[in-house]
Amino acid sequence: MATDQAELTTDQVLKRDIPWETYMTTKLITGTALQLLRRYDKRPESQRASLLDDDGPSYVRVFVSILRDIFKEETVEYVLALIDEMLTANPKRARLFHDASLANEDIYEPFVRLLWKGNWFIQEKSCKILALIVSARPKSQHSGAINGEASNSKSKLTTIDDVLKGLVDWLCAQLRNPSHPSRGIPSAVNCLATLLKEPLVRSSFVQADGVKLLIPFINPVSNQTTPVASSQSNQQSMQLLYETCLCIWLLSFYEPAVEYLATSNCLSRMAEVVRSSTKEKVVRVIVMTFKNLLPKGSFGPLMVDLGMPQIVQNLKANAWGDEDLVEALNQLDEGLKYNVKQLSSFEKYKQEVLLGHLDWSPVHKDAFFWRENIKNFEENDFQILRVLITILDTSNDPRSLAVACFDLSQFVQQHPSGRIIVNDLQAKERVMKLMNHENAEVTKNALLCIQRLFLGAKYASFLQA
């Protein structure tokens, strides 16, 4: 029954006796394959390790050919268990699948097929093995490459693109509707945490709308003392949380994924986790993600809103053993302080404008302030610009008029569409009136503003106040 198969372990499967001689008699395996299997099967680990060291690619060829040619479930499970055992003992053995002598073997096809055709034990092992084999492929076997071409076949072998896309489809299917109630999702997330290093997997995963499928698993895990069964469940939840956050960290290097993260509640959930978590590896991967996202888009202000400056201070007070985490916390702390400073300088500027009394405080002529905050002027349908233009109409204070003209000229120069926006808000006519003002400071800044409006930012950058 499917449920029984789902609970199978590698050890249970490897206790079976497989009738290799019968398979040779019926020509499902060759005499050479039988000899290799007799030497390898049921032998002590040290003997198997020695055989793999001496003739690893030959064993890989036998295992892959059995999975390709034999469909009996017990045998398929057994060979997958043998491969899993071999790779668990030494993950570097995954390189054996890419040996030059296997160039004409379609090493990927059986595993990709079994992802969809087998019971849960078969699916889980196929996914795990595929992820390891894919990750171990030589650099030359980039996206779009194949393993060669079978000499006895007109069709090309499974390409790495086919494999990666097939894996992403299966992983997304597991996240949406797991084949196994408790192991489907952890297995899929574990595999993703390995595969999202691949550019094609990142793009396929984002295109498949996979990012939103991960976010529900970012939840704080209780740290309280519990009975043994619950404690084990707690450990599994912690591992799922860690690997989900690891996936988000890997996605934070990929721009289309970053765009999605900016519009989701991912950051608020991660902030909630890191606020209460004491698990060092979870804290590290979240802090690294925040550090990575901080300079991108509007993540800085968002992190400030989420209370990250205080959370980081609290985290820094802990005695972490991981030097990378300590360094990342310090960098995140500096970045957040800078964002707080930028936000507070814009907030002060905003207050000054809204009060309607402008003066030559340092911020007006600070090129860095304008460059860093220019997007903030778009808030509330360009509210601050509209207030500056209203000051031109209503103020009797020459200093406020001069500064308002200067600030409008700064906006025109710094914003990519500044000239168009200021013209659309009908500021030009108001500024032109001030060119005849009795105060020299007002006329000087009104002239500067008009020059920038007529010339555009591209040609006006040489103009100085």
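So what's the angle, to the nearest 10 degrees on a 0 to 90 scale, between helix 280-293 and the longest Cα principal axis of the chain?
50
What is the spin-label model distance, in nm, from Ala100 to Asn219 if the labels are put 7 Å beyond Cα along the C-beta direction?
5.3
Take the Cβ-Cβ distance between Lys279 and Phe253 as r, set R0 to 35 Å, and report the resulting FRET efficiency rounded to the nearest 0.05.
0.90
What percent do you get for the relative contact order of the chain when only Cα pairs under 8 Å and 6+ apart count?
7
So which aspartates and glutamates pass the test for Lys42, namely a Cα distance under 17 Å, with those fewer than 8 places away in the same chain ruled out?
The qualifying aspartates and glutamates are Asp11, Asp17, Glu21, Glu74, Glu77, Asp84, Glu85.
Taking all protein chains as present, what is the carbon and sulfur share of the accessible area of the chain, in % to the nearest whole number, probe 1.4 Å?
51
First measure r as the distance between the Cβ atoms of Glu438 and Lys197, then evaluate 1/(1 + (r/R0)^6) with R0 = 56 Å and state the FRET efficiency to the nearest 0.05.
E between Glu438 and Lys197, to the nearest 0.05, is 0.25.
Using the alpha-carbon centroid of each, what span in Å lies between the stretch 45-101 and the stretch 349-365?
Measuring centre to centre over Cα atoms gives 72 Å.
Modelled label-to-label distance, Thr88 and Glu272, 7 Å Cα→beta-carbon offset: nm?
So the label points at Thr88 and Glu272 sit 3.5 nm apart.
Could you run the Karplus curve 6.51 cos²θ - 1.76 cosθ + 1.60 with θ = phi - 60° over the stretch 436-451 and give me ³J(HN,Hα) per residue in whole Hz, x for Gly and Pro?
Along the stretch 436-451, the couplings run 9, 5, 6, 8, 5, 5, 5, 5, 4, 7, 5, 5, 4, 5, 5, 4 Hz.
Could you give me the percent of Cα pairs per 10 Å distance bin for the stretch 1-80, shortest bin first, beginning at zero and ending with the bin that holds the maximum distance?
Bin by bin from 0 Å, the calculated values are 16, 50, 29, 5.
Considering the Cα positions of the stretch 346-461, please state its Rg to one decimal place and its Dmax as a whole number of Å.
Computed over the Cα atoms of the stretch 346-461, radius of gyration and Dmax are 12.6, 34 Å.
Treating the angle as unsigned and between 0 and 90°, give the value, to the nearest 10°, between the Cα long axis of helix 323-355 and the longest Cα principal axis of the chain.
For helix 323-355, the angle is close to 30 degrees.
Note the angle between two axes, namely the Cα long axis of helix 120-135 and the longest principal axis of the Cα atoms of the chain, as a number of degrees from 0 to 90, rounded to the nearest 10.
60
Mind jotting down the distance between the C-alpha centroids of the stretch 182-211 and the stretch 241-298, whole Å?
Rounded to whole Å, the Cα centres lie 15 Å apart.
Kindly flag which residue pairs out of Lys92/Lys279; Lys291/Lys316; Lys296/Lys375; Lys139/Lys212 have an alpha-carbon separation exceeding 20 Å in this structure.
Cα-Cα > 20 Å for Lys92/Lys279; Lys139/Lys212; rest within.
The list [x] 25.8; [y] 27.0; [z] 22.9 gives values of Kirkwood radius over Cα pairs in Å, and only one came from this structure; which label was calculated from it?
[y]
Quick check: pseudo-label points 7 Å beyond the Cα along Cα→Cβ at Thr10 and Ser233, how many nm apart are they?
Taking the two extended label points, one gets 2.7 nm.
Could you give the accessible area per residue of the chain, probe 1.4 Å, as a whole number in Å²?
49
The values are calculated or read from the model by the stated rules, or taken from the named source; none is laboratory data. All values derive from a computational prediction rather than experimental measurement. We place every Cβ from the backbone using ideal geometry, glycine too, and count neighbours over all the protein chains shown. For accessibility, only protein heavy atoms count, side chains too; no ligands or nucleic acids. Shrake-Rupley method; radii C 1.70, N 1.55, O 1.52, S 1.80 Å.
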